[in-house]
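Student: Take a look at this one; I'll ask things after.
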Amino acid sequence: MKKINVVAIDGPSASGKGALSRSIAHRFGFDILDSGLLYRLYAFLSHLKFDIDEINKKISKDISFISDEDSVHVIYEGKEITNHLRSENIAKIASEHSAKKEVRRSLFEIQRNFYNEKGLVADGRDMGTVVFKDAKIKIFLTASKEIRAKRRYLELQNRGQEVNMPALIADIEKRDLKDSSRELSPLLPAEDAHIIDSSEMSLEEVFSLTENLIKKEFI
């Protein structure tokens, strides 16, 4: 299989995939795909009563994704809806949709179309196992549930959202079980993935490790 210029980063919720992906994209000038945000966008549009074909058209033509070092921003009808998409309510709806075969099939090509030969970093649950099986580098980033809950707590708190730590831990446990046991694209490392446990690592340490892997494969 010919390998393409993709860094696929998979892992459970709040493991640090987004921050690592943005750091890689900024350092190497890669495009970025936040597939979780894409599923949240699907959930948002379905809540507006659009059907699956209408949603695909809107994502392909009417949605803009703008990334910087701090975030991936989603623009819909001239308005930024990123914070709304990152709410826990939308996350739960997105999780329900992600288990549906027709949804995963419809978003597969949209995700593949993010690829740019200069390089793409793709963050999600099945980037290395399904969407980009041909990625040059595959990383499975994980951390303990307590550490991930703390990260999510701080993230939501910084957005001014009300948060409850025990509820976050329970939600992460529930989501982990659902993601890892679902029939379609279960959350698991690709056979050729580099597994990184970031529980006791800083973002800088995780980035340094990943940067060295990229330099070996891409440069």
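Student: Based on the alpha carbon coordinates of segment 51-116, what radius of gyration and maximum Cα-Cα distance (Dmax) apply, in Å?
Tutor: 12.6, 33
Student: Based solely on its DSSP helices, what 222 nm [θ] is calculated for the chain when runs of n ≥ 4 H residues each add -39,500 (n - 2.57) and the sum is averaged over all residues, nearest 500 deg cm²/dmol? Could the numbers behind the result be given before it?
Tutor: Numbers: 9 runs with 109 residues, N = 219.
Using -39500 (n - 2.57) per qualifying helix, the result is -15500 deg cm²/dmol.
Student: Then there is this: Roughly what percent of Cα-Cα pairs across the chain reach past 25 Å? Display every interim value, and only then the final one.
Tutor: Working: 8463 of 23871 pairs.
The share of Cα pairs beyond 25 Å in the chain comes to 35 percent.
Student: Could you calculate the contour length gain from residue 197 to residue 183, that is, 0.36 nm times the residue separation minus the distance between their Cα atoms, to one decimal place in nm?
Tutor: Here the segment from residue 197 to residue 183 would lengthen by 2.5 nm.
Student: In addition: May I ask you to list the GluC sites (Glu not before Pro) in segment 1-80 that are in a DSSP loop and have at most 13 other Cβ atoms within 10 Å of their Cβ?
Tutor: 69, 77
Student: Here's something else I'd like to know. Only sites in a loop by DSSP and with at most 15 other Cβ atoms within 10 Å count here; which trypsin sites (Lys or Arg not before Pro) in segment 26-113 make the cut?
Tutor: Working: sites: 27, 40, 49, 57, 58, 61, 79, 86, 92, 100, 101, 104, 105, 112; in loops: 49, 86, 100.
For trypsin sites (Lys or Arg not before Pro) across segment 26-113 that sit outside H, G, I, E and B with at most 15 neighbouring Cβ atoms in 10 Å, the list reads 49, 100.
Student: Would you mind calculating the relative contact order of segment 4-214 from Cα pairs under 8 angstrom and at least 6 residues apart, reporting the percent as a whole number?
Tutor: Working: 316 pairs, mean separation 73.7, N = 211.
About 35 percent, as a whole number.
Student: Any chance you could list the semi-axes, whole Å, largest first, of the equivalent ellipsoid that the Cα gyration tensor gives for segment 89-219, using √(5λ)?
Tutor: Largest first, segment 89-219 gives 25, 21, 14 Å.
Student: Give the calculated FRET efficiency between residue 161 and residue 109 to the nearest 0.05, with a Förster radius of 30 Å applied to their Cβ-Cβ distance.
Tutor: It comes to 0.35.
Student: I would also like to ask the following. If you bin every alpha carbon distance in segment 135-203 into 5 Å steps from zero, what whole percent lands in each bin?
Tutor: 3, 14, 19, 22, 21, 13, 7, 2
Student: Are any of the pairs 49/178; 17/79; 3/138; 3/100; 136/215 more than 19 Å apart by Cα-Cα distance, and if so, which?
Tutor: Correct reply: 49/178; 17/79; 3/100.
Student: Near residue 57, which aspartates and glutamates are there with a Cα under 16 Å away, not counting those fewer than 8 places off in the same chain?
Tutor: Straight-distance partners of residue 57: 77, 102, 109.
Student: Still on this structure: Could you tell me what percent of the DSSP beta bridges with both partners in the chain are antiparallel, to the nearest 5? Kindly include the intermediate steps, with their values, before the conclusion.
Tutor: On the way: 7 of 25 bridges.
Here the share of antiparallel DSSP bridges comes out near 30 percent.
Student: Convert each backbone phi in segment 150-166 into a coupling constant with the Karplus relation 6.51 cos²θ - 1.76 cosθ + 1.60 (shift: θ = phi - 60°), then list the ³J(HN,Hα) values in order as whole Hz, x for Gly and Pro.
Tutor: These are the phi-based 3J(HN,Hα) values: 5, 5, 5, 4, 5, 4, 5, 4, 5, 8, x, 8, 6, 9, 9, 4, x Hz.
Read-outs throughout are calculated quantities, based only on the coordinates presented, and are distinct from any laboratory measurement. All values derive from a computational prediction rather than experimental measurement. Quick reminder, even Gly has a Cβ in these numbers, built from the backbone with ideal geometry, and neighbours come from all protein chains shown.
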